[in-house]
Amino acid sequence: MKVMCGIVGYVSKQPSEQPRTVVIDGLKRLEYRGYDSAGIALASPDLEKPCVVKAVGKLSSLERALDAAEIPLATSAIGHTRWATHGEPTVANAHPHVSSDGKLVLVHNGIIENAAPLKAELRAAGYQFTSETDTEVVVHLLEQALSNDELFPWDGELPGLDGDEELKARRLFAAMLEVTRRLVGGYTFLAMHADVPHTVIAARRSSPLVLGRGEDCNYLGSDPLAFADYSTDAVEIGQDQVVAVTPTAIVVVDEDGIPVTPREFTVDFLRDRANKDGWPTYMEKEINEQPRAVRDTLANRLDRKGALTLDELRIPESVLRSVDKAIIVACGTAAYAGQVARYAIEHWCRIPVEVELAHEFRYRDPIVNEKTLVIAISQSGETMDTIMAIRHAREQGARVLSIVNTPGSTIARESDAVLLTHAGPEIAVASTKAFTAQIAATYLLGLYLAQVRGNKYLDEIQDYLEKLQTIPDKIRTVLDRADSVRQVADAMAEEATSVIFLGRHVAYPVAMEGALKLKEIAYIHAEGFAAGELKHGPIALIEEGQPVFIIVPTPRRPELHQKVVSAIQQVSARGAKTFVVAEDGDHSVNDFADVVFRVPAAPTLYLPLLQVIPLQVFACEVATAKGLDVDQPRNLAKSVTVE
Ligand code: G6P
């Protein structure tokens, strides 16, 4: 079972209504994560204890409870949406949890695996528990640490606080460092104390936490979406780091309390993720969000030593080392992402990878056992065909790892491990940004497996990762050049009745994805073929004026490149109109192609992330030019919850 809670925090100088507003807005932005209860705590210098309000159900229940209570103005606030794991969704189990003296409040995302022995120890020391949660253990551990006169305040400065508050905040900071050292499991914590109303202390291990900088205020969230309405200047918090946040400072330290300089990034794109944000269609918006979708999926994945860590991945390394086969199950676009992934995972990890449509998998009596890793890929996490496939796989003893875009979804919950794509909500039925984010996620998984299984040295993995990190900017470059694709699409929209897509190696699934997009939203018959298969049949379809898209591999793979260039020659000689996707500087295609769409040079395995972009833009533009409903094509559903 995975926890998909949402966490939001806010720290400011003067008491106002802003902390409540910011935290409730943030929790609403995180609603997509799934939850069954919610809560908020507010602190201010005028309050003896933080004000805590919690409610079961949707955020509207919490808002009603807030309206019914007398809510004071505040300087700081923390909030939480909870997906029940330890104990039922009740008000008592909802966060924030409160210390015995009522002064310390804490929200938590994650699972503390050694909660039981710690709870027994705290009980023996006289602490009483009012909930069934593992989180309450941490509240009492912090309370215990703070009550120890020998607790040495953290040895550094916390700018933005007055003398007495600064000293107390340094003690809370030290207590958090001490307590986190005792914990086994995963967590994001935000803690507030009545004595330090201008401070939130936070910590993170294997669970997300991002900060946002404001003017005389700062923000915290499980996801930058939590504060994207207020701040675009985000700060990344690494594994095992602890943070003190004041209105004017963000002090980040490692597990030993040594200050570290966090990575800063801009989250411009997030603000209107679930709105059209001026784009005529969601699909167009989502196509243009791909640099961010891929970047966010790749972000925060290295530990202090530079090794790849996948926060959400909870299958023991020993199990991953024993795997002798992987089977990817998925449907539609996600299955094409899986086909791309196969090339990378086999190449990097030297284990056989099968890719199977989820609805076919179960009925062919597949050979699956405890040494099989089944990888389910799904944007929605709710596709019934894929759910049934993973249930079947687990019954056979396989471990299931899912790559999903929707935390808390059924597939995420029924898997042994989850790797999240951070593409943000995808609204258009035809999938675009989820596809590129899925490929990026499978690459992280492939590199992680190669690291764990010792197929690649750390420096090799870092080299692959560094090059992968350059892909979002290259996607942006392709998008910046999309006008030429649109012009071609506008010119073809009326007459095209059939379009052929050809690709080879990793571009073969890209060709099929390009064809699928055109079928789905432009209702044009389209087929994607492996370029090598052309001579075995599809070439019979070529006649004067037949549009053929050909995706050309990098010239740095001459053995593949030359064969695909020859495919262009063959179809062009038979009268096809050829639209070629080729790397910058690959002039060998110029003589045979009617139109060339250029993508920046990239390693072979990463090219699909660039080559698919013109195909998505093409389909979107053809559908638009035909006056069709791009976002809601006929007969299709975004999430297919029947078999
Ligand atoms: C439906 C959608 C497709 C999607 C497929 C898989 O058919 O229309 O766009 O690719 O389901 O969905 P999933 O949510 O599992 O990725």
Regarding segment 209-218, can at least one residue be identified that is among the β-branched types (Val, Ile, Thr), out of contact with any Asp or Glu (no Cβ under 6 Å at 6 or more places or on another chain) and part of a strand (DSSP E or B)? yes
Test VAL251 against the criterion of being in contact with a strand residue (DSSP E or B) (Cβ under 8 Å, 6 or more places away or on another chain), part of a helix (DSSP H, G or I) and open to solvent by 10 Å² or more (accessible area, probe 1.4 Å), and give yes or no. no
Give just the number: which of (1) away from the ligand (no atom under 11 Å from the Cβ); (2) more than 14 Å from ILE315 (Cα to Cα) does SER415 not satisfy? (2)
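Quickly run through segment 317-331 and pick out the residues that are buried (at least 23 other Cβ atoms within 10 Å of the Cβ) and closer than 14 Å to PRO509 by Cβ.
Hits for segment 317-331 are ILE328, ALA330.
Every residue, every condition in (1) under 21 Å from ALA174 (Cβ atoms); (2) at pLDDT 95 or above, yes or no:
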position	(1), (2)
THR75	no, yes
ALA125	yes, yes
THR133	no, no
GLN144	yes, yes
For segment 338-350, does any single residue satisfy the condition of being open to solvent by 60 Å² or more (accessible area, probe 1.4 Å), of a type in the set (S, T, N, Q) and closer than 28 Å to ASN455 by Cα? no
Being open to solvent by less than 50 Å² (accessible area, probe 1.4 Å), over 13 Å from THR421 (Cβ atoms) and of a type in the set (D, E, K, R) is the filter here, so list the residues in segment 288-310 that pass it. ASP303
Does segment 290-341 hold any residues that are among the polar types (S, T, N, Q) and either away from the ligand (no atom under 16 Å from the Cβ) or assigned to a loop (DSSP other than H, G, I, E, B) (or both), and which are they? ASN300, THR309, SER318, SER322
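Pick out the one residue from LYS13, LYS28 that is basic (Lys, Arg), modelled with pLDDT of 90 or more and either open to solvent by 20 Å² or more (accessible area, probe 1.4 Å) or part of a helix (DSSP H, G or I) (or both). Lay out the reasoning, then the answer.
Values: LYS28 fails: modelled with pLDDT of 90 or more.
So the residue among LYS13, LYS28 that is basic (Lys, Arg), modelled with pLDDT of 90 or more and either open to solvent by 20 Å² or more (accessible area, probe 1.4 Å) or part of a helix (DSSP H, G or I) (or both) is LYS13.
One residue is enough: does segment 553-568 have a residue meeting the conditions among the acidic types (Asp, Glu), surrounded by fewer than 18 Cβ atoms within 10 Å (Cβ to Cβ) and over 26 Å from LEU447 (Cβ atoms)?
No, there is no match, as no residue in segment 553-568 is among the acidic types (Asp, Glu), surrounded by fewer than 18 Cβ atoms within 10 Å (Cβ to Cβ) and over 26 Å from LEU447 (Cβ atoms).
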Which one of ALA84, ALA68, ALA115 is within 22 Å of GLY26 (Cβ to Cβ) and buried (at least 19 other Cβ atoms within 10 Å of the Cβ)? ALA84
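Counting only residues that are touching a residue at least 12 places away in the same chain (Cβ under 8 Å) and part of a loop (DSSP other than H, G, I, E, B), which one in segment 162-184 is least open to solvent (accessible area, probe 1.4 Å)?
Restricting to residues being touching a residue at least 12 places away in the same chain (Cβ under 8 Å) and part of a loop (DSSP other than H, G, I, E, B), the top hit is LEU183.
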Pairs please, first residue from segment 371-391 and of a type in the set (D, E, K, R), second anywhere and near the ligand (Cβ under 7 Å from one of its atoms), Cβ atoms under 6 Å, 6+ apart in sequence or on different chains. GLU382/SER639; ASP385/CYS331
Residue list for segment 424-447, filter: among the polar types (S, T, N, Q), under 20 Å from GLU520 (Cα atoms) and more than 9 Å from the ligand (Cβ to nearest atom): THR432, THR436
Quick check, is GLY257 more than 18 Å from the chain's Cα centre (by Cα), modelled with pLDDT of 95 or more, surrounded by fewer than 19 Cβ atoms within 10 Å (Cβ to Cβ) and assigned to a loop (DSSP other than H, G, I, E, B)? yes
Against the conditions (1) open to solvent by less than 40 Å² (accessible area, probe 1.4 Å); (2) within 14 Å of the ligand (Cβ to nearest atom); (3) at pLDDT 95 or above, where does VAL353 fall short? Just the number, please. (2)
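Listed here are the residues, each with its yes/no results for (1) touching a residue at least 40 places away in the same chain (Cβ under 8 Å); (2) within 16 Å of the ligand (Cβ to nearest atom); (3) surrounded by 21 or more Cβ atoms within 10 Å (Cβ to Cβ).
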{"position": "VAL548", "(1), (2), (3)": "yes, no, yes"}
{"position": "ALA582", "(1), (2), (3)": "no, no, yes"}
{"position": "SER588", "(1), (2), (3)": "no, no, no"}
{"position": "ALA623", "(1), (2), (3)": "yes, yes, yes"}
{"position": "LYS626", "(1), (2), (3)": "yes, no, no"}
Considering each of ALA496, ALA526 in turn, give the residue that is modelled with pLDDT under 95, open to solvent by less than 40 Å² (accessible area, probe 1.4 Å) and not in a helix (DSSP H, G or I). ALA496
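Table: residues versus (1) closer than 22 Å to ILE403 by Cα; (2) among the aromatic types (Phe, Trp, Tyr).
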position: TYR448; (1), (2): yes, yes
position: LEU465; (1), (2): yes, no
position: MET492; (1), (2): no, no
position: VAL506; (1), (2): yes, no
position: LYS519; (1), (2): no, no
Report the residue count in segment 357-380 for those that are more than 14 Å from the ligand (Cβ to nearest atom) and buried (at least 16 other Cβ atoms within 10 Å of the Cβ). 6
If you check LEU122 against the conditions, is it under 17 Å from TYR187 (Cα atoms) and assigned to a helix (DSSP H, G or I)? no
Given (1) closer than 25 Å to LEU320 by Cα; (2) modelled with pLDDT of 95 or more, index of the condition GLY408 fails: (2)
The correct count of residues that are without any contact (Cβ under 8 Å) to a residue 40 or more places away in the chain and farther than 22 Å from GLU31 by Cα in segment 215-232 is 1
Sole residue being assigned to a strand (DSSP E or B) and either among the hydroxyl-bearing types (Ser, Thr, Tyr) or in contact with a helix residue (DSSP H, G or I) (Cβ under 6 Å, 6 or more places away or on another chain) (or both), chosen from VAL53, VAL105: VAL53
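The values are calculated or read from the model by the stated rules, or taken from the named source; none is laboratory data. All values reported here derive from a predicted model rather than from experimental measurement. Cβ coordinates were reconstructed from backbone atoms using ideal geometry, including for glycine residues, and neighbour counts include every protein chain displayed. These area figures cover heavy atoms from the full protein model, side chains too; ligands, DNA and RNA do not enter into them. Shrake-Rupley method; radii C 1.70, N 1.55, O 1.52, S 1.80 Å.
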